[in-house]
Amino acid sequence: MQQELTIGWLYPTLMSTYGDRGNVITIQRRCQWRGIPVSIIPLDAATDAETFYQVDIIVGGGAQDRQQEIVMRDLQGRKAEAMRNQLEKGIPGVFTCGSPQLLGHYYEPAFGQRIDGLGLLDMVSKHPGPDAKRCIGNVVFEITASPLAEELRAMTGTRPIVIGFENHGGRTYLNSVSPLGKVIAGYGNNGEDGYEGAFYRNAIATYSHGPLLPKNPFLADWLIQKALEQKYQETVSLTKLDDSLAERARSSMFDRLEVKDAAR
């Protein structure tokens, strides 16, 4: 049977800041290079709740506060329930920059009222105010969330070190949800506790973008593998691709940031 996947792209016209559409393109290309057909469905204001049940991977990007408020107010009711159900049953997702704030209990912007999130992840996000320094620059962190860290080690044979770029005014504070990883360089969730992102079921939430997946193709492969296994209920082993160019770029960034003993 021919395996195929459908990517659900969250609000592509409102949440694609800083080239985060590159995450969608990376998943699409890495599937196509393996002969796996891919279709892409926008999940936006024109989409009904039932469409959320047609996707195998959910991808969300960044947005400014105004656009994020529009999204969070639209993503309520039956849409919120559908997305929550999909993620709860193990549909993989990658949410970068602003979109993780959709998954928490709420986001408090620099101006305006608190905006309720889906409450899927036990965390909150707050903007400390218009005069607060932004968390901006290159970020490096090691994935520590279980079982993701162990599965990535098994796939790659190395420590799962992520390189990205962060540019966020909001600060995220985790409660019971597991952090995605520990910061090696950069700010992470809030510049205080040393954690970056969050991980729940098969959903990756992170401030790291720029975009994320071209710089860390092993994460794209993990998402693809999980999506196929979830959809077809069978063990999947992906064909290895030539990632030598990405690995050289990663090594160059590790050297520039003076990160020692990182996966190369």
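Touching a Leu at 6+ places or on another chain (Cβ under 6 Å) and farther than 20 Å from L223 by Cα - does that describe any residue in the range 79-98? Within the range 79-98, one or more residues are touching a Leu at 6+ places or on another chain (Cβ under 6 Å) and farther than 20 Å from L223 by Cα.
The residues on offer are L174, L219, L241, and the sole one that is surrounded by 21 or more Cβ atoms within 10 Å (Cβ to Cβ) and at pLDDT 95 or above is L219.
Quick check on my filter: what residues within the range 1-31 are open to solvent by 20 Å² or more (accessible area, probe 1.4 Å), touching a Cys at 6+ places or on another chain (Cβ under 9 Å), at pLDDT below 90 and part of a loop (DSSP other than H, G, I, E, B)? Listed by number, the list holds a single entry, Y18. Can you confirm whether A63 is touching a strand residue (DSSP E or B) at 6+ places or on another chain (Cβ under 7 Å), at pLDDT below 95, open to solvent by 10 Å² or more (accessible area, probe 1.4 Å) and aliphatic (A, V, I, L, M)? The answer is yes for A63.
Whenever a residue of the range 96-123 is of a type in the set (D, E), its partners that are open to solvent by 50 Å² or more (accessible area, probe 1.4 Å), lying with C-beta atoms within less than 7 angstrom and at least six residues away or across chains, give the pairs E108/R114; E108/K126; D122/N175; D122/S176. Looking only at the range 38-51, filter to residues that are under 18 Å from I91 (Cα atoms) and of a type in the set (S, T, Y); which one of those is surrounded by the fewest Cβ atoms within 10 Å (Cβ to Cβ)? This residue is S39. Does the range 135-143 include one or more residues that are within 29 Å of E258 (Cβ to Cβ), touching a His at 6+ places or on another chain (Cβ under 6 Å) and open to solvent by less than 60 Å² (accessible area, probe 1.4 Å)? So far as the range 135-143 goes, yes, one or more of its residues are within 29 Å of E258 (Cβ to Cβ), touching a His at 6+ places or on another chain (Cβ under 6 Å) and open to solvent by less than 60 Å² (accessible area, probe 1.4 Å). Taken together, the residues in the range 81-90 that are in contact with a Lys or Arg (Cβ under 9 Å, 6 or more places away or on another chain) and open to solvent by less than 10 Å² (accessible area, probe 1.4 Å) amount to 2. Being open to solvent by 10 Å² or more (accessible area, probe 1.4 Å) and either farther than 27 Å from G210 by Cβ or of a type in the set (G, A, S) (or both) is a property that Q54 has. Of all residues in the range 101-121, those satisfying the criterion of being out of contact with any Pro (no Cβ under 8 Å at 6 or more places or on another chain), open to solvent by less than 10 Å² (accessible area, probe 1.4 Å) and farther than 11 Å from R171 by Cα are L102, L103, G104. Can you run down the residue pairs with Cβ atoms below 6 Å, 6 or more apart or on separate chains, where the first is in the range 64-93 and under 13 Å from G8 (Cα atoms) and the partner is among the polar types (S, T, N, Q)? Note: pairs meeting the criteria are P92/N202. Does V124 satisfy being touching a His at 6+ places or on another chain (Cβ under 8 Å), closer than 23 Å to V177 by Cα and either surrounded by 22 or more Cβ atoms within 10 Å (Cβ to Cβ) or of a type in the set (V, I, T) (or both)? Yes: the conditions hold for V124. Is it true that F254 is under 26 Å from G104 (Cα atoms) and not in a loop (DSSP other than H, G, I, E, B)? Answer is no for this residue. Scanning the range 32-43 for residues that are part of a strand (DSSP E or B) and more than 18 Å from the chain's Cα centre (by Cα) yields V38, S39.
The values are calculated or read from the model by the stated rules, or taken from the named source; none is laboratory data. Only a predicted model underlies this, so the values are computations on that prediction, with no experimental measurement involved. Every residue, glycine as well, gets a Cβ built from its backbone with ideal geometry; the counts of neighbours run over all protein chains shown. The accessibility values were calculated without ligands, DNA or RNA, using every heavy atom of the protein model including side chains. Shrake-Rupley method; radii C 1.70, N 1.55, O 1.52, S 1.80 Å.
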